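For reference, the structure discussed in these notes is given below.
The values are calculated or read from the model by the stated rules, or taken from the named source; none is laboratory data. Model, not experiment: these values are computed from the prediction. Because the Cβ atoms are built from the backbone with ideal geometry, glycine has one as well, and the counts that use them run over all protein chains shown.
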Amino acid sequence: MGRDLKLENLTKRYGHLTAVDHVDLEIQEGEFICFLGPSGCGKTTVLRMITGFETVTEGKVIFDNRVINDLIPKKREFGIVFQSYALFPNMTVEENIAFGLKMRKMPKKVIAERVDVMLDLIGLSGWRRLYPAQLSGGQQQRVALVRALAPDPQVLLLDEPLSALDAKIRLRLRAEIKRLQQELKKTMIHVTHDQEEALSIADRVVVMEGGQFRQVGRPIDIYKNPTCSFVADFVGTSNFFKGSRTGDVVDIRKRKIKVKKNGAGVEEAVSLAIRPENVEVFKKEAPPRVDEPMNLVSGRIEVVVFQGAAVRLLINIDGEEVIADINEKEFGQRSLKRGDEIYLYFPPEAFLVFADGEGKK
Amino acid sequence: MNPIEPSGKRFSTWFSADNLFTGVIMAFLLVILAVFLLYPVVDICRLSFFKDGAFSLHNYLDYFSEPRIFRSFYNSMFVSTVTMVITTVLAFLFAYGLTRTTMPGKGFFYTVSTLPLIAPTIIQALALILLFGRNGVITRYLLDTSWNIYGATGIIVGEILYCFPNALFILYTTLSAVDTRLDEAAQSLGASALKTFFKVTLPSAKYGIASAAALTFNLTITDFGIPVVIGGDYSVLATEIVNKVFGLQRFDLGATISVILLVPSITAFAINYYLTRKSYAMISGQARPFIQPSRPLKKWAFTAYSALICACILLVFITVFLGSFVKTWPYDFSLTLKHFDFPSLGASVPLWTAFWNSVLEPGTFRTMIAIKYAPIWTSLLVSLVVAVVGASITLVAAYIIEKKKPRGEQLLYALSVLPAAIPGVVLGLGYVLAFNKPYFLIYGTIWIIIINVVIANFTLGVLSGTANLKQIDKSVEEAAVSLGAGPVTTFTRIVFPLSKVAFLSTTTFYFMRAMTTISAVLFLVSAQIKLAAIEIIFLDVDGRTASANAMCTVVVLIVALFLIVMRITTGSSGFTGMSASK
């Protein structure tokens with residue numbers, strides 16, 4: 001076993017407010033973990049307890065089989081990348097990168113070599129004598145990234161490192177972080193509120209809400225098999241229906257819908273979720289033959305949003321709005337347009353069923 | 001396998017270098033402020049409330065039952081109130097001209113209006129006497145009238161000229177911060193220019209106006225230099241304290257009046273402080289849009305007004321400069337340098353004397369420079385030390401308060417802000433009472449003066465320090481710590497370089513204060529230790545008005561020279577890329 005990082009029953013309270021509520025997690029050496037959640041969910045607080053800048057109210061942070069709760073940040077030797085870059089404005093790019101090495105009292109020659117390696121890593125060798133204010137946001141964050149990596153930290157913690165950047169640069173830098181992680185095989189913990197970023201970059205994603213971990217798993221599992229309605233809603237887009245279930249039939253006020261056979265025949269309140277890409281759309285003139293006619297409903301296209309490869313349709317069924325995504329080619333072939341009367345089909349197996357009370361919404 | 005728990009729980013946190021660093025500095029600052037700020041003030045209160053070891057209001061009954069003495073309270077309140085109203089109005093109009101019109105010469109006007117800050121407060125009084133005094137060039141020479149400016153009028157005019165830049169600074173900040181688009185919005189909705197001014201501009205600046213007024217009141221009621229020179233028989237609280245102590249050796253009465261003076265001065269300070277925070281909360285932070293061109297009448301009216309104010313301020317300086325170079329004001333205007341050959345002032349600073357003896361040939365010139373100029377050299381030495389020590393200690397205090405926020409941080413903050421509320425005369429008297437003891441070895445040396453000036457001006461240093469440190473992103477420090485820097489390294493390598501501009505401006509401020517302050521150190525000078533600013537008063541009291549002018553000129557020139565040197569050196573050392581990382 002390597003130098004794993006373990007959170008045990010970790011809790012942070014500020015007075016009466018519980019920011020982080022008894023969470024547990026094991027992070028393997030070399031793993032890329034992403035904490036994902038809306039603002040105020042406690043993800044940054046977890047990160048700050050790992051860094052040591054926030055004290056632990058209850059529970060343990062364990063690294064390399066040692067409890068490090070009371071270890072000061074300096075002693076943890078974890079690298080940190082901040083949302084605001086936090087480069088030292090009074091130092092040049094190379095002085096910034098060399099700072100951590102100097103603090104470890106490394107010989108001058110070693111420092112110089114290491115700085116060169118780091119600059120090569122991000123392709124900014126020509127910029128070494130510039131001051132941070134002379135660089136673009138993306139360049140600054142790349143410098144901040146290798147400044148944190150230069151002393152070869154045991155763990156690299158990234159606190160929303162891409163949030164302050166433009167959309168294009170964000171994508172480039174995201175790929176670069178992933179590449180660095182794969183090359184260096186370093187444990188990285190990344191905090192973000194951007195679900196797309198989390199899903200694309202991490203080995204495992206931790207979805208947080210209200211100070212608790214809602215789901216921990218591989219990106220694909222988080223997306224395909226959310227375990228609660230919060231995750232289904234926060235990660236990706238979902239259409240939600242509330243109703244009561246008896247066996248495989250759910251009564252949602254105006255109609256009944258068939259779902260995958262699951263559970264007993266007891267009546268219970270549930271939420272149904274279905275991803276827009278799983279909703280099928282047909283022209284009124286060409287009704288499809290379907291397995292479950294119960295799940296075929298008629299509606300009208302209200303809004304058409306072109307999104308590049310996909311087209312998003314906002315469809316009105318009896319006053320309720322449903323989102324359906326179909327790919328652009330299909331959209332063209334079926335010559336759909338705003339105002340068209342259409343049929344919608346919800347395949348039973350595409351529904352996620354959540355018992356109400358387990359998650360909100 | 002169970003994880004290893006560190007032995008001795010919380011040990012490592014408690015004794016981390018960081019907490020130790022903060023704790024030691026915090027304790028040091030608290031001790032310094034307790035000993036050199038609280039203790040003297042408490043001593044004054046004790047002396048005023050106790051007679052022969054028993055609590056008694058005897059001193060206060062004495063004070064309030066003697067109408068002749070009680071007058072000083074009334075006089076102080078009167079002079080301060082009138083000064084407050086006039087200064088606030090004048091400064092507001094000036095600030096309005098600078099921020100809301102397109103008048104020409106704004107930079108020049110602003111610079112001139114800040115000039116009073118570089119001179120001892122007596123300069124206004126000296127100038128007014130030269131112009132309107134018994135032998136004033138205007139009263140005697142031009143108008144040949146027996147009217148003169150001594151008394152309340154002189155104090156009020158002098159204080160207005162002295163307080164003007166202080167009030168202006170607050171109002172200028174307020175008016176430039178309030179969004180001018182509000183005015184434009186009002187006008188686009190059909191309000192007349194006058195209505196816009198009274199319904200929008202004025203209300204949006206109300207906190208700034210009230211805060212400037214309170215500050216002016218506080219500055220006037222605590223000032224000693226102007227009333228002592230131009231007040232004549234018109235006694236105010238600050239001069240009364242000095243009279244009681246120097247004239248009658250009645251420390252108890254001096255202490256009593258001090259406590260009475262503390263009431264309005266602390267009140268005015270508290271109001272000013274509270275309102276300043278409120279007014280800064282109103283700052284929108286939006287970029288100031290283009291000011292629409294003013295109508296010609298408005299533009300020229302404000303230009304004429306600003307020019308008039310600046311002329312008055314310049315006249316003060318020109319008059320005193322002239323007064324120090326002419327033979328016999330106002331009868332003989334031929335030029336001379338004889339007033340710069342000060343009467344033997346009797347004190348010497350061994351260090352400086354040795355220095356001048358080594359560089360100058362023996363003779364009358366060397367005697368003059370080495371012996372007669374001794375107070376100037378002492379002042380210079382004191383000011384340089386004060387500048388470095390004051391700026392450093394307030395920056396460290398600001399750092400602890402703003403960034404470390406340890407337990408008791410609010411106490412430290414309260415004590416750091418308090419000095420501005422304590423009149424210099426009161427603090428000075430407190431020092432005599434508290435430290436004039438044989439075992440207190442630094443009493444009677446320049447060190448007690450240095451400490452006094454550093455403490456008396458602590459507030460501004462700390463406030464400008466915290467304001468600057470607020471702008472440094474917290475993560476920059478955390479980045480340093482996460483890369484392995486200890487608290488000392490973080491401070492010296494990151495925080496200090498980023499605070500350099502604020503540090504240098506505090507250095508300049510402290511130097512100016514140390515060179516020009518009168519009231520705080522009045523009680524601390526002695527036959528051995530003399531200061532230039534104090535000598536101006538003594539020369540004036542001795543009837544050597546021309547020499548007083550000359551001494552004042554020297555002080556002003558030294559401060560001006562220091563400002564120029566600072567401007568040049570810091571201008572060239574400012575490094576590129578300093579303007580934060582955002």
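Of the conditions (1) under 30 Å from the mean Cα position of the chain (by Cα); (2) crowded, with 18+ Cβ neighbours inside 10 Å, B:VAL137 clears all except one; give me its number.
(1)
Right, A:GLY37: within 21 Å of A:GLY210 (Cα to Cα), at pLDDT 90 or above and within 16 Å of the chain's Cα centre (by Cα) or not? I'd like the intermediate steps shown before the answer.
Numbers: within 21 Å of A:GLY210 (Cα to Cα): yes; at pLDDT 90 or above: yes; within 16 Å of the chain's Cα centre (by Cα): yes.
Yes; evaluated as a whole, the condition is true for this residue.
Residue by residue through region A:75-113, note down the ones that are crowded, with 19+ Cβ neighbours inside 10 Å and more than 13 Å from every other protein chain (Cβ to nearest Cβ).
Matches in region A:75-113: A:GLU94 only.
If we keep just the residues of region A:129-163 that are surrounded by fewer than 17 Cβ atoms within 10 Å (Cβ to Cβ) and part of a loop (DSSP other than H, G, I, E, B), which is nearest to the chain's Cα centre (by Cα)?
Within region A:129-163, the match that is nearest to the chain's Cα centre (by Cα) is A:SER163.
Yes or no, residue by residue, for (1) surrounded by fewer than 18 Cβ atoms within 10 Å (Cβ to Cβ); (2) of a type in the set (Ser, Thr, Tyr); (3) modelled with pLDDT of 90 or more; (4) more than 24 Å from B:VAL236 (Cα to Cα):
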site	(1), (2), (3), (4)
B:GLY151	yes, no, yes, no
B:ILE156	no, no, yes, no
B:LEU161	no, no, yes, no
B:PRO165	no, no, yes, no
B:THR174	no, yes, no, yes
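Just the residues that are in contact (Cβ under 8 Å) with a residue 12 or more places away in the chain and more than 14 Å from chain B (Cβ to nearest Cβ), please, taken from region A:32-44.
Hits for region A:32-44 are A:PHE32, A:ILE33, A:CYS34, A:PHE35, A:LEU36, A:GLY37, A:PRO38, A:SER39, A:CYS41, A:GLY42, A:LYS43.
Name the residue, out of B:LEU522, B:LEU504, that is surrounded by fewer than 24 Cβ atoms within 10 Å (Cβ to Cβ) and either out of contact with any strand residue (DSSP E or B) (no Cβ under 7 Å at 6 or more places or on another chain) or within 14 Å of chain A (Cβ to nearest Cβ) (or both).
One residue alone meets the criteria, B:LEU504.
Can you pull out every residue in region A:217-236 that is in a strand (DSSP E or B) and either crowded, with 19+ Cβ neighbours inside 10 Å or modelled with pLDDT under 90 (or both)?
Across region A:217-236, there are no qualifying residues.
When you check B:VAL501 against the structure, is it touching a residue at least 24 places away in the same chain (Cβ under 8 Å), in the same structural domain as B:THR466 (by TED's automatic domain parsing) and closer than 13 Å to B:LEU126 by Cβ, yes or no? Let's see the steps before the verdict.
On the way: touching a residue at least 24 places away in the same chain (Cβ under 8 Å): yes; in the same structural domain as B:THR466 (by TED's automatic domain parsing): yes; closer than 13 Å to B:LEU126 by Cβ: no.
In short, no.
Search region B:364-382 for residues being modelled with pLDDT under 85 and over 17 Å from B:LEU539 (Cβ atoms), and hand back the single one that is surrounded by the fewest Cβ atoms within 10 Å (Cβ to Cβ).
B:THR364
Could you tell me which numbered condition B:GLY484 fails, if it satisfies all but one of (1) in a helix (DSSP H, G or I); (2) within 14 Å of another protein chain (Cβ to nearest Cβ)?
(1) is the only condition that B:GLY484 fails.
On the basis of being within 16 Å of B:VAL481 (Cβ to Cβ), surrounded by fewer than 21 Cβ atoms within 10 Å (Cβ to Cβ), at the interface with another protein chain (Cβ under 7 Å from one of its Cβ atoms) and of a type outside the set (Gly, Ala, Ser), does A:ILE72 make the cut?
Details: within 16 Å of B:VAL481 (Cβ to Cβ): yes; surrounded by fewer than 21 Cβ atoms within 10 Å (Cβ to Cβ): yes; at the interface with another protein chain (Cβ under 7 Å from one of its Cβ atoms): yes; of a type outside the set (Gly, Ala, Ser): yes.
When the stated conditions are applied, A:ILE72 passes them.
Looking only at region A:41-53, decide whether some residue is surrounded by fewer than 16 Cβ atoms within 10 Å (Cβ to Cβ), aromatic (Phe, Trp, Tyr) and modelled with pLDDT under 95.
Scanning region A:41-53, I find no residue that is surrounded by fewer than 16 Cβ atoms within 10 Å (Cβ to Cβ), aromatic (Phe, Trp, Tyr) and modelled with pLDDT under 95, so the answer is no.
Hey, B:SER334 hits all of (1) at pLDDT below 90; (2) buried (at least 20 other Cβ atoms within 10 Å of the Cβ) but one; which does it fall short on?
Unmet condition: (2).
Quick one: in region A:237-248, of everything that is surrounded by 17 or more Cβ atoms within 10 Å (Cβ to Cβ) and assigned to a strand (DSSP E or B), which residue is modelled with the lowest pLDDT?
Ranking the qualifying residues of region A:237-248, first place goes to A:ARG245.
Out of region A:1-27, which residues are more than 15 Å from A:THR44 (Cβ to Cβ), within 13 Å of another protein chain (Cβ to nearest Cβ) and assigned to a strand (DSSP E or B)?
A:LEU5, A:LYS6, A:GLU8, A:ASN9, A:GLU26 - these are the residues of region A:1-27 that are more than 15 Å from A:THR44 (Cβ to Cβ), within 13 Å of another protein chain (Cβ to nearest Cβ) and assigned to a strand (DSSP E or B).
Between B:PHE509, B:PHE458, which is crowded, with 24+ Cβ neighbours inside 10 Å, of a type in the set (Phe, Trp, Tyr) and out of contact with any Gly (no Cβ under 6 Å at 6 or more places or on another chain)?
Residue meeting the stated conditions: B:PHE458.
Please state which of the following conditions B:VAL453 fails to meet, knowing it meets all the rest: (1) away from every other protein chain (no Cβ under 14 Å); (2) surrounded by fewer than 21 Cβ atoms within 10 Å (Cβ to Cβ); (3) in contact (Cβ under 8 Å) with a residue 40 or more places away in the chain; (4) assigned to a helix (DSSP H, G or I).
The one condition B:VAL453 does not meet is (2).
Of the residues that make up region B:76-83, is at least one small (Gly, Ala, Ser), within 30 Å of B:ILE260 (Cα to Cα) and crowded, with 17+ Cβ neighbours inside 10 Å?
Within region B:76-83, one or more residues are small (Gly, Ala, Ser), within 30 Å of B:ILE260 (Cα to Cα) and crowded, with 17+ Cβ neighbours inside 10 Å.
With respect to B:ILE494, is the statement that it is within 14 Å of chain A (Cβ to nearest Cβ), in contact (Cβ under 8 Å) with a residue 12 or more places away in the chain, in contact with a helix residue (DSSP H, G or I) (Cβ under 9 Å, 6 or more places away or on another chain) and surrounded by 22 or more Cβ atoms within 10 Å (Cβ to Cβ) true?
Considered against the rule, which asks whether it is within 14 Å of chain A (Cβ to nearest Cβ), in contact (Cβ under 8 Å) with a residue 12 or more places away in the chain, in contact with a helix residue (DSSP H, G or I) (Cβ under 9 Å, 6 or more places away or on another chain) and surrounded by 22 or more Cβ atoms within 10 Å (Cβ to Cβ), B:ILE494 comes out as yes.
Going by the structure shown, is B:GLY23 more than 14 Å from chain A (Cβ to nearest Cβ), modelled with pLDDT under 90 and more than 30 Å from B:PHE523 (Cα to Cα)?
yes
Identify, please: which residue in region A:191-209 is in a strand (DSSP E or B) and aliphatic (A, V, I, L, M) and is, among those, nearest to A:GLY42 (Cα to Cα)?
Of everything passing the filter in region A:191-209, A:MET208 is nearest to A:GLY42 (Cα to Cα).
Right, B:THR102: surrounded by fewer than 17 Cβ atoms within 10 Å (Cβ to Cβ) and assigned by TED's automatic domain parsing to the domain that holds B:ASP233 or not?
When the stated conditions are applied, B:THR102 passes them.
For A:MET188, only one of the following conditions fails: (1) within 24 Å of A:ILE111 (Cα to Cα); (2) assigned to a helix (DSSP H, G or I). What is its number?
(2)
It is to be established whether one or more residues within region A:167-183 are within 14 Å of chain B (Cβ to nearest Cβ) and either at pLDDT 90 or above or touching a helix residue (DSSP H, G or I) at 6+ places or on another chain (Cβ under 8 Å) (or both).
no
For region B:265-284, indicate whether the set of residues that are over 29 Å from B:THR220 (Cα atoms) and either among the aliphatic types (A, V, I, L, M) or at pLDDT below 85 (or both) is non-empty.
Yes; the residues of region B:265-284 include at least one that is over 29 Å from B:THR220 (Cα atoms) and either among the aliphatic types (A, V, I, L, M) or at pLDDT below 85 (or both).
Assess whether A:SER335 counts as being among the small types (Gly, Ala, Ser) and at pLDDT 85 or above.
Against the criterion (among the small types (Gly, Ala, Ser) and at pLDDT 85 or above), A:SER335 does not qualify.
Considering each of B:THR490, B:THR506 in turn, give the residue that is out of contact with any Phe, Trp or Tyr (no Cβ under 9 Å at 6 or more places or on another chain), assigned to a helix (DSSP H, G or I) and under 30 Å from B:ILE170 (Cα atoms).
Result of the check over B:THR490, B:THR506: B:THR506.
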